[in-house]
């Protein structure tokens, strides 16, 4: 008797609403437009991090490279938004350290949650790569990165320690 095939992934397999750490001072205020722009940047960078972890763990480097070739200018723009946010929210020196910690936590949390998925991790990753490679423009990537994740996403806090 053979084992049944694993379930097919449904919707996004990764969370799509990244947690944005708050500013270190309550005196730092962002307009609603700025908050929206920052949230979008965090969502795109979070998706990029998830895909990178999956590419490394599942030997899907060529898929990741294709994704980055297609969207690199836009991802770089979003990275600059994230850099500016951390610099403004935490200062030039602390901001870089907090950003580095945040990006490391993104990758570590995805790796841990991927381990708990077992063999489904690479299947889910392949599905996510398939979905993002159907996108053709930065605005499509933004929409994709902002779509809601399936219920009961990983639930791992994304805030740096001490936040």
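Taking 7 Å steps out from each Cα toward its Cβ at residue 126 and residue 56 produces label points 2.2 nm apart.
Cβ-to-Cβ counts within 10 Å put 141, 47 in ascending order as 141, 47, the fewest first. Between residue 93 and residue 133, the contour length at 0.36 nm per residue exceeds the alpha carbon distance by 10.8 nm.
The length gained on full extension between residue 65 and residue 83, counted as 0.36 nm times the residue separation minus their Cα-Cα distance, comes to 4.2 nm. As a proxy for reagent exposure, 110, 69 were ordered by neighbouring Cβ count within 10 angstrom, fewest first; the result is 69, 110.
Distance between the 7 Å Cα→Cβ label points at residue 76 and residue 107: 2.0 nm. Just subtract the alpha-carbon distance of residue 35 and residue 140 from 0.36 nm times their residue separation and send over the number in nm, one decimal. Result: 35.8 nm gained on full extension. Protection proxy ranking for 100-108, 114-122, using the average of other Cβ atoms within 10 Å per residue and placing the highest first: 100-108, 114-122.
Measuring nothing but alpha carbons in region 41-143 and taking Rh as the Kirkwood radius, the Rg to Rh ratio lands at 1.00.
Any read-out appearing in this document is the output of simple, stated calculations on the displayed coordinates, not a laboratory observation. Treat the numbers as computed from the prediction; the structure is a model and nothing was measured. Every residue, glycine among them, receives a Cβ derived from its backbone with ideal geometry; neighbour counts consider all protein chains shown.
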